[in-house]
Every structure is written in structure tokens, then in C-alpha cells.
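The values are calculated or read from the model by the stated rules, or taken from the named source; none is laboratory data. Because the structure is a prediction, the values reported are computed rather than measured. Here the Cβ is made from the backbone with ideal geometry for all residues, glycine too, and neighbour counts use every protein chain on show. Please note that ligands, DNA and RNA were not included when accessible areas were found on the heavy atoms of the full protein model with its side chains. Shrake-Rupley method; radii C 1.70, N 1.55, O 1.52, S 1.80 Å.
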Amino acid sequence: MTLKLIFSEAKQWKYLVDTLSRLIDEASFIATPEGLRLRALDPSRIAMVDFVMPSEAFEEYLCDGEVRIGVNFDEFKKIMKRGSAKDKLELEVSEERRLKVRFRGRAVRTFSLPILELGAEELPTPRISFTVEAKLLSDAVKDAIKDAEIVSDYVKFETGEECLLMKASSDRGSVEVEFTRDSGSLIEIDIKEPSYAAYSLDYLSDMMKAYQLSDILTIEYATNKPLALTFDLPGGGRLTFYLAPRMEA
Amino acid sequence: MRQLTEEVVSCRKCSLWQSRRNPVVGEGNLNSMIMFIGEAPGYHEDIQGRPFVGAAGKLLTELLHSIGLSREDVYITNVLKCRPPNNRDPRPEEIKACSPYLDRQLLIIKPSIVVTLGRHATSYILSRAGLAPRNISSVRGKIFRLNVLGLSITLLPTYHPAAALYRPPLRTKLEEDFNKLKSLMHERGRRSVSLEDFLKS
């Protein structure tokens with residue numbers, strides 16, 4: 001099997017791998033002629049990552065079959081952090097089943113790391129009927145998560161009149177953030193029915209590190225159902241996080 | 001628990017019985033919803049036969065008080081029941097030999113919240129849930145909903161109090177994690193779900 005991918009901006013992958021490493025320890029990228037994908041649950045089974053990058057998103061994409069690339073994300077992150085702003089990124093699977101990570105910039109720097117043989121089971125897509133879908137500015141949501149962390153460990157999502165509310169409270173205090181079209185932070189919202197649900201800020205905070213990958217994110221949720229956070233990536237790629245709710249008894 | 005204590009006292013499953021003075025089974029409220037699991041007895045624990053009675057134990061007691069709990073409100077134990085010489089790290093064969101006692105303690109206490117103190121206790125509980133060991137710094141303060149020995153538990157890993165004695169900045173992290181424990185206790189009316197519930201067909 002041959003696999004060689006060239007991505008024009010190593011920096012994007014640096015942010016991607018940094019975000020993924022916060023949620024998952026080990027997982028396999030699956031490369032096919034159509035593109036690269038990864039789906040994995042975090043160790044606590046509260047969150048899931050679903051990443052897709054079509055072959056068109058790459059400057060060069062050579063893949064003649066299905067290739068599984070199991071990586072330890074702590075180790076992969078250390079390497080990816082070495083990517084500079086103007087570097088191109090090249091990923092290649094060698095005949096010795098090692099992943100070669102090459103940065104092409106002022107010099108050609110090649111790292112090599114072992115490919116892990118991880119389980120072949122593929123996770124299905126979560127079966128959720130979302131009742132709210134909102135497109136928002138990523139950095140506005142990131143700021144709201146930071147605000148909520150000051151007073152609580154979890155945040156409630158609620159719908160208002162054509163707006164989305166994030167509320168957090170505890171004996172330390174409370175905070176409410178309103179996203180509206182007028183303020184510019186809310187780009188689109190589709191509310192099928194009024195919905196509310198609470199989610200862990202620990203996980204949301206880790207997921208929102210992906211704000212550097214996309215200016216806009218899509219939030220989907222339903223009452224007491226998981227939340228989906230989707231970042232659209234350049235070239236038709238997509239990074240979605242699912243997060244289980246904290247349910248009222 | 002009395003029978004388990006008698007078995008630990010006469011245990012010869014590893015070599016630690018030869019060097020220890022007293023085994024340390026654990027102590028606290030057998031009906032508690034919260035169980036603390038440390039690594040192994042140290043010098044003072046070995047002498048007194050009680051868990052967390054040295055300097056690290058003093059800090060643990062202070063942290064409990066800071067969130068309105070006393071030692072009598074919780075159950076405290078360790079992965080190993082006998083002191084390793086010179087407080088060295090537990091060896092895999094010692095954990096393997098001793099952990100059935102901890103498993104039985106979990107089944108007796110049936111805690112809904114388990115706080116693991118340090119990497120050894122955290123790795124053991126994660127392994128019982130079928131998960132790989134992880135760095136304590138990457139999991140501390142994170143909440144895991146796990147199935148361990150058929151029990152649905154909320155796991156809150158944190159640093160071992162002894163680590164904060166050697167590295168004072170870690171005390172702040174420990175305090176943060178104990179505040180998280182306080183929130184978890186107040187959440188008893190809440191139920192958490194796993195994302196796996198939404199992956200089943």
C-alpha cells in the first residue's frame with residue numbers, strides 16, 4: 001500500500017493534532033483514495049471525535065487502498081508542534097510501517113514515529129435528532145466557555161427568541177451569554193422546538209481549542225441529548241465533536 | 001470487611017509482608033458514597049496500621065475539611081495494603097497480588113464516586129474499566145463515568161497529596177479537584193450518560 005499526503009499548511013495540522021490530543025490518547029487515521037478520516041471516543045466515553053478530510057483538501061494525495069495509521073497523540077503532538085507557519089506538511093507511511101512526518105520549509109525536517117496496531121472496530125455515527133442548529137463565530141463561543149468556567153464546571157444551553165443562551169451558575173456566581181444575530185456572534189439559527197441541555201465545561205474547553213481551525217462553528221443539540229460541535233475545515237474537511245449531556249434526574 | 005481484614009493480616013501473596021510492620025486495610029464509613037484510593041502505606045501508616053496518617057494524610061484531612069467533609073464521611077484505602085520498602089513504587093506483581101482486596105472493598109462499599117490519588121491508583125481503576133493508563137497530569141480533575149466491577153462509578157483522579165508536599169504548586173490543583181468533588185456530591189440528583197448510549201442501534 002502507498003500513502004503519501006502533502007498538506008499546504010502544517011500549522012493547521014498542528015492545531016488539529018493539539019486539539020485531538022486533549023481528548024484521545026490513541027486512535028487510527030484511516031486513509032482511503034477518497035480521503036482521510038478518524039473517529040474515536042475519549043477514554044471516559046463522554047466525548048467523541050469525528051474528523052474527515054477529503055483528498056481534494058490536500059495539495060498531493062497518493063493512496064491506493066485503505067491504510068490505517070494508529071498513532072499515540074501525545075507523541076504525534078510533540079512532533080506536530082515543530083511545524084512552522086510557512087511549512088508544508090508531508091505524511092508518508094513507510095514500508096517498515098512507520099509514519100514519516102516531514103516539514104518542508106526553510107529546511108526539510110523528517111520525523112518518524114511507530115504506527116500502532118489498534119482495534120479495527122469502527123464507531124457508528126451517534127443517533128441523535130437535533131432540535132437546534134446554530135452557526136456562530138468560533139471565538140465568541142470560546143470566550144463564552146471561558147466565562148462559564150469562572151463560575152461552574154458545566155454550562156446549560158438554552159434557546160430564546162431566535163437566539164442561543166449559555167448559562168452557568170454555582171455558589172461561586174452565575175453568568176449568562178446571549179448569542180444574537182444583532183450582536184454579530186450568531187450567523188444562523190434553526191430552532192425546531194425550545195431545547196435545553198447541560199454539558200461539561202472541561203470537555204467543551206478542550207474542544208474549543210479547535211477555534212483556531214475555523215472562524216465559524218455549528219452547534220447542534222436537543223434537550224438532554226448530546227451536543228455536536230462542527231468546525232468546517234479548508235478544502236471540504238470537517239471536525240465534529242460529540243459530547244454526552246449531564247442529565248437532570 | 002472484617003473477614004477481608006483478617007485475610008490481609010495473614011496475606012503472603014507477595015513479599016511485602018516480610019518487611020512491613022502492620023498491614024493497612026483502610027478505614028472510614030462503609031456506607032459512604034465516596035471512596036479515596038491512594039498508592040500504598042508509608043512510614044507512619046505502616047507503624048499505625050491506618051491509611052493517610054502522615055504528612056500527606058494531614059493534607060488529605062485538611063482538603064476534606066475544606067469541602068465540609070471529615071474522614072469519617074468517606075472511606076480511605078490504598079492499592080497496596082503493605083508498605084513497600086523505602087516507599088518505592090509498587091511493582092506490577094505486587095499490584096496484581098494485592099488488588100483483589102481493593103476490588104472486594106469496592107464491591108462492599110459500592111461508592112458512587114471514587115477519588116484516585118496519584119497515578120498508580122488512577123491507572124488501576126482505569127484498567128478495571130478496560131482503559132489504558134494515562135499520565136496523572138492529563139487526567140487529574142477530569143470526570144470519568146465508568147463501569148468498574150459492574151458498578152457505575154464517577155471517577156475523579158487527582159494528584160497524591162504527597163506530591164503537593166514536594167511540589168507546593170500542586171496544592172492549588174488538589175484544592176481545585178476537591179472543589180470539583182464538592183460539586184459532584186451536590187449533583188446527586190443528576191444523572192450522567194455516556195456517549196455510547198447514543199451509539200447503540
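Could you tell me the relative contact order of chain A? Use alpha-carbon pairs under 8 Å, at least six residues apart, and round to a whole percent.
Details: 590 pairs, mean separation 51.4, N = 249.
The value is 21 percent.
In debye, nearest 20, what is the charge dipole magnitude of chain B about its Cα centre with +1 on Lys and Arg Cβ and -1 on Asp and Glu Cβ, if you could check? If you can, show how the numbers build up before the last one.
Numbers: 30 positive and 19 negative charges, 52 e Å.
Magnitude of the dipole: close to 260 debye.
So if the hydrodynamic radius of the stretch A:132-243 is defined as the Kirkwood radius over C-alpha pairs, what does Stokes-Einstein give as its diffusion coefficient at 25 °C and 0.890 mPa s, in µm² per second? Provide the component values of the computation, followed by the final result.
On the way: Rh = 13.9 Å.
Value of D from the Cα-based Kirkwood radius: 176 µm²/s.
Build a GNM of chain A with springs between Cα atoms under 10 Å: which of A:Glu178, A:Glu96, A:Glu188 gets the top mean-square fluctuation?
Ranking A:Glu178, A:Glu96, A:Glu188 by mean-square fluctuation puts A:Glu96 first.
Can you give me the P(r) profile for the stretch A:3-114? Cα pairs, bins 10 angstrom wide beginning at 0, each as a whole percent.
All Cα pairs, binned at 10 Å, distribute as 15, 49, 33, 4, 0 percent.
If I build a Gaussian network model for chain B, linking alpha-carbon pairs within less than 10 angstrom, which residue out of B:Asn135, B:Asn179, B:Asn147 has the largest mean-square fluctuation?
B:Asn135
Please work out whether chain A counts as rounded, prolate or oblate from its C-alpha gyration tensor, where a ≥ b ≥ c are the square roots of the eigenvalues and a/c under 1.5 means rounded, while otherwise a/b larger than b/c means prolate and anything else oblate? Spell out each step's value before the answer.
Values: a/c = 2.08, a/b = 1.91, b/c = 1.09.
In terms of gyration-tensor shape, prolate.
Tell me, what HN-Hα J-couplings in whole Hz come from the Karplus equation 6.51 cos²θ - 1.76 cosθ + 1.60 at θ = phi - 60° for each residue of the stretch B:105-114, using x for Gly and Pro?
Values per residue, Gly and Pro as x: 4, 4, 6, 6, 6, 6, x, 8, 10, 10 Hz.
Other chains' Cβ within 10 Å of A:143-154 residues: what's the mean?
Values: counts 0, 0, 0, 0, 0, 0, 0, 0, 0, 1, 7, 4.
Mean partner shielding for this stretch: 1.
Just read off the accessible area of B:His65 with the full protein assembly in place, 1.4 Å probe, to the nearest 10 Å².
My reading of the accessible area for B:His65 is about 110 Å².
Rounded if a/c is under 1.5, else prolate if a/b is larger than b/c, else oblate: which is the stretch A:105-184, with a ≥ b ≥ c the root eigenvalues of its Cα gyration tensor?
On the way: a/c = 2.10, a/b = 1.74, b/c = 1.20.
Here the stretch A:105-184 falls in the prolate category.
Note the angle between two axes, namely the Cα long axis of helix B:55-66 and the longest principal axis of the Cα atoms of chain B, as a number of degrees from 0 to 90, rounded to the nearest 10.
Tilt relative to chain B: about 30 degrees.
At 1.4 Å probe size, what's the solvent-accessible area of A:Asp50? Round to the nearest 10 Å².
Accessible area, nearest 10 Å²: 10 Å².
Tally Lys and Arg at +1 and Asp and Glu at -1 over the other residues with C-beta under 13 Å from the C-beta of B:Leu63: what net charge comes out? Display every interim value, and only then the final one.
On the way: positive: B:Lys58, B:Arg71, B:Arg171, B:Lys173, B:Lys180, B:Lys182; negative: B:Glu62, B:Asp73, B:Glu175, B:Glu176, B:Asp177.
Around B:Leu63, the surrounding residues sum to +1.
Which of the lysines could a cross-linker span from A:Lys146 if the Cα-Cα distance has to be under 16 Å and same-chain partners fewer than 8 positions apart are dropped?
Output for A:Lys146: A:Lys156, A:Lys167, A:Lys209.
Test of understanding: in a Gaussian network model of chain A with alpha carbons linked when under 10 Å, which of A:Val108, A:Val71, A:Val17 would top the mean-square fluctuation ranking?
It is A:Val108.
Any chance you could check the Cα centroid distance between the stretch A:196-234 and the stretch A:85-135 for me, in angstrom?
21 Å
Out of the total accessible area of chain A (probe 1.4 Å, heavy atoms of protein only), what percent is carbon and sulfur?
Working: 4940 of 11090 Å².
Answer for chain A is 45 percent, counting heavy atoms of protein chains only.
At q = 0.06, 0.07, 0.13, 0.14 Å⁻¹, what is the log10 ratio I(q)/I(0) for the protein assembly as shown, with the Debye formula run over Cα points and no solvent?
Computed log10 I(q)/I(0) values: -0.30, -0.41, -1.19, -1.28.
Averaged over A:76-86, how many beta carbons belonging to a partner chain fall within 10 Å of each residue's beta carbon? The partial results should precede the final answer.
Numbers: counts 0, 0, 0, 0, 0, 0, 0, 0, 0, 0, 0.
Rounded to a whole number, the mean comes out at 0.
Mind checking the per residue accessible area of chain B for me, 1.4 Å probe, whole number of Å²? Display every interim value, and only then the final one.
Details: 9190 Å² over 201 residues.
Roughly 46 Å² per residue, with all protein chains present.
How much length is gained on full extension from B:Lys182 to B:Met1, taking 0.36 nm per residue of separation minus their Cα-Cα distance?
Values: separation 181, 0.36 × 181 = 65.16 nm, distance 2.72 nm.
Gain on stretching B:Lys182 to B:Met1: 62.4 nm.
Kindly provide log₁₀ I(q)/I(0) values, in the same order as q = 0.07, 0.08, 0.16 Å⁻¹, from the Debye equation applied to equal alpha-carbon scatterers of chain B.
Relative scattering, expressed as log10 I(q)/I(0), comes to -0.19, -0.25, -1.03.
Helix A:10-23 versus the longest principal axis of chain A: what is the Cα-based angle in degrees, 0 to 90, to the nearest 10?
60 degrees
How much accessible area is lost when chains A and B come together, counting both sides, with a 1.4 Å probe, in Å² rounded to the nearest 100?
Values: alone 12300 and 10500 Å², together 20280 Å².
Roughly 2500 Å² of accessible surface disappears when A and B pair.
P(r) tail for the stretch A:78-120, what percent of Cα pairs lie past 13 Å? Intermediate values should be presented prior to the final figure.
On the way: 497 of 903 pairs.
Result for the distance tail: 55 percent.
Suppose a student asked you for the relative contact order of the stretch B:2-200, using Cα pairs under 8 Å spaced at least 6 residues apart; what percent would you report?
Details: 324 pairs, mean separation 41.1, N = 199.
Dividing the mean separation by the residue count of the stretch B:2-200 yields 21 percent.
Would you mind checking A:Lys78/B:Lys58; A:Lys78/B:Lys173; A:Lys88/A:Lys225; A:Lys86/B:Lys142; A:Lys11/A:Lys225 for any pair whose Cα atoms are more than 28 angstrom apart?
On the way: A:Lys78/B:Lys58 38 Å; A:Lys78/B:Lys173 24 Å; A:Lys88/A:Lys225 40 Å; A:Lys86/B:Lys142 36 Å; A:Lys11/A:Lys225 34 Å.
As for pairs spanning more than 28 Å Cα to Cα, those are A:Lys78/B:Lys58; A:Lys88/A:Lys225; A:Lys86/B:Lys142; A:Lys11/A:Lys225.
Under the rule of -39500 (n - 2.57) per DSSP H run of 4 or more residues, summed and divided by the residues of chain B, what mean residue ellipticity at 222 nm is obtained, to the nearest 500 deg cm²/dmol? List each step's numbers first, then the result.
Values: 9 runs with 86 residues, N = 201.
Mean residue ellipticity at 222 nm (helix-derived): -12500 deg cm²/dmol.
Within 10 Å of each Cβ of B:140-149, how many other protein chain Cβ atoms are there on average? It would help to have the intermediate numbers written out before the result.
On the way: counts 0, 2, 8, 8, 5, 5, 3, 1, 0, 0.
The mean count of partner-chain Cβ atoms within 10 Å per residue comes to 3.
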